[in-house]
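A.B. asks: One structure is given below, represented as structure tokens, and several questions about it will come after.
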Amino acid sequence: MVQELLHELKYNNRPEIGRMLGRVYGNELAQAGYDRQFDVIIPIPLHEWKIKRRGYNQSEEFAIGLAAALNVAVETTVVKRAVNTETQTRKSRLKRWENVSDVFTVTNPLAVAGKHVLLVDDVITTGATIEACGDVLLKAGCYPLSVVSIAYAGE
């Protein structure tokens, strides 16, 4: 069922699915006491070309739902994807890591310095994307860093 929802979210122009899943999960986090834990929510950015093609960033839609439930701001301009990488879908573990190394930059380190960042991705498979993006956030001074995703699709 989750796979079908993610497919609809990513490939069939259904951004509302991301927001709904974010609200549901955000409410679960709030009930578990995480409602005052985060200073800012940052979705994994897509390259501008991919956003133009798809029309939206599915991780951002999930982040917006989380933010509404947790009452935390979403920041979409602090991290930029500087390189338009190929899809990770059919890549091996090693190729996924190589595909995302050095593709993210922090455009405003002051926005994250000393702040607890919740980094949001739609799906974590090998962790390459979330680690590459998290690494630049940590180097920019965010602390602590937490991550969340809709699904984990471990190999």
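A.B. asks: Six or more apart or on different chains, Cβ atoms under 7 Å: show the pairs whose first residue is in segment 1-22 and at negative phi and whose second is surrounded by 20 or more Cβ atoms within 10 Å (Cβ to Cβ) and of a type in the set (Phe, Trp, Tyr).
C.D. replies: Once the first residue is at negative phi and sits in segment 1-22, its partners that are surrounded by 20 or more Cβ atoms within 10 Å (Cβ to Cβ) and of a type in the set (Phe, Trp, Tyr) give GLY18/PHE62; LEU21/PHE62; GLY22/PHE62.
A.B. asks: Can you name the residue in segment 1-48 that is within 14 Å of the chain's Cα centre (by Cα) and of a type in the set (D, E, K, R) and, of all such residues, is nearest to ALA153 (Cα to Cα)?
C.D. replies: Across segment 1-48, the extreme among qualifying residues is LYS10.
A.B. asks: Which of the numbered conditions does ALA32 fail, given that it passes all the others? Conditions: (1) at pLDDT 95 or above; (2) of a type outside the set (Val, Ile, Thr); (3) surrounded by fewer than 16 Cβ atoms within 10 Å (Cβ to Cβ); (4) over 25 Å from CYS142 (Cβ atoms).
C.D. replies: It fails just one condition, (4).
A.B. asks: Taking segment 127-155 only, how many residues are farther than 21 Å from ALA82 by Cα and either in contact with a Pro (Cβ under 7 Å, 6 or more places away or on another chain) or crowded, with 19+ Cβ neighbours inside 10 Å (or both)?
C.D. replies: Of the residues in that region, 3 qualify.
A.B. asks: Looking at VAL2 and the list (1) surrounded by 14 or more Cβ atoms within 10 Å (Cβ to Cβ); (2) modelled with pLDDT under 95, which single condition is not satisfied?
C.D. replies: Result: VAL2 fails condition (1) only.
A.B. asks: For ASN13, are the conditions met, namely being in a helix (DSSP H, G or I), over 17 Å from ALA132 (Cβ atoms) and at pLDDT 90 or above?
C.D. replies: Here the answer is no, as ASN13 does not meet what is asked.
A.B. asks: Moving to a separate point now. Counting just the residues of segment 92-126 that are modelled with pLDDT under 60 and in contact with a helix residue (DSSP H, G or I) (Cβ under 6 Å, 6 or more places away or on another chain), which one comes out surrounded by the fewest Cβ atoms within 10 Å (Cβ to Cβ)?
C.D. replies: Checking each candidate, the answer is TRP97.
A.B. asks: Taking ILE51 as meeting all but one of (1) at pLDDT 95 or above; (2) within 25 Å of LEU145 (Cβ to Cβ); (3) assigned to a helix (DSSP H, G or I), write down the number of the exception.
C.D. replies: Evaluating ILE51 over (1) at pLDDT 95 or above; (2) within 25 Å of LEU145 (Cβ to Cβ); (3) assigned to a helix (DSSP H, G or I) leaves (1) as the failure.
For (1) under 20 Å from PHE104 (Cα atoms); (2) surrounded by fewer than 16 Cβ atoms within 10 Å (Cβ to Cβ); (3) of a type outside the set (Val, Ile, Thr), each residue gets a yes or a no:
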residue	(1), (2), (3)
TYR25	no, no, yes
GLN37	no, yes, yes
TRP49	yes, yes, yes
PHE62	yes, no, yes
VAL74	yes, no, no
ARG81	yes, no, yes
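The values are calculated or read from the model by the stated rules, or taken from the named source; none is laboratory data. All values derive from a computational prediction rather than experimental measurement. Every residue, glycine as well, gets a Cβ built from its backbone with ideal geometry; the counts of neighbours run over all protein chains shown.
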